[in-house]
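Take a look at the structure set out below.
Where a number appears in this text, it was derived from the coordinates with a stated rule and is not lab data. Keep in mind the model is a prediction, meaning the values are calculated, not measured. A quick note on method: Cβ atoms are made from the backbone with ideal geometry, for glycine too, and the neighbour counts reach across all protein chains shown.
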Amino acid sequence: MIVAVVLSAGESSRMGRPKALLPIDGQTFIERIVGALKQTAVGKVIVVFGHNADEMKQRIEHLPIEILVNRNYRLGQLSSLQVAVRQLEKTADCDGMLVHLVDHPYIDPALVTTMIERFYQTGKLIVVPRFGGKRGHPVIFSRQLFGELLAAPMDQGAKAIVNANRDDTLEIDTEDEGITVDIDTPEIYKKHVKGE
């Protein structure tokens, strides 16, 4: 099984309000992302919170997800990913994790399904989508890389693992520009989210 991990632990300082709760098409970013993931072959969805974790949990407890809390979220994104990895290491039937970021609300269930299918078909350790030559999210990491993710330098994050496993990375070209849309400032939000 592939487990989806949505990282939502940061302070959203540039946005000025929690990105997970930003409105988009009548729902929040996190509701949209979880809704899309639930239409795919992922076995379950984990959301990692950090900043204001208790309040965030209350705001999304209606969603069909498992919530983890990263108390060391100020160490950066990799620290949140490692919280999820430690949990998934105890999950015997987890073959890998599909990592997504809460500030990337445009996630296509069909693309996720294709990524999971190709992960199993090719046996590659990493699967990443690419639009116009640029890599985006989500990214699948095989269980075989969990140890490397736990040992990775905090200042380099998961990119260090991707760079170290270039020969075992499958890139899937897509026409879905949403994989590269990172909404982390009010200006970018206004540009991409119409009518909000």
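The number of Lys pairs in the chain with C-alpha atoms less than 19 Å apart, excluding pairs fewer than 8 positions apart on the same chain, is 9.
Classify segment 1-91 from the C-alpha gyration tensor, please: rounded if a/c falls under 1.5, else prolate or oblate depending on whether a/b exceeds b/c. Oblate, since a/c reaches 1.5 and b/c is not below a/b. If R₀ is 35 angstrom, what is the calculated FRET efficiency for the pair GLN27 and ALA164, using the beta carbon separation as r and rounding to 0.05? About 0.40, to the nearest 0.05. Summing Lys and Arg as +1 and Asp and Glu as -1 over all other residues whose Cβ lies under 15 Å from the Cβ of LEU150 gives a net charge of +1. Shape analysis of the chain yields a ratio of the Cα radius of gyration to the Kirkwood radius, Rg/Rh, of 0.93.
Charge tally around ALA84: other residues with Cβ under 13 Å, Lys/Arg +1 each, Asp/Glu -1 each, net +2.
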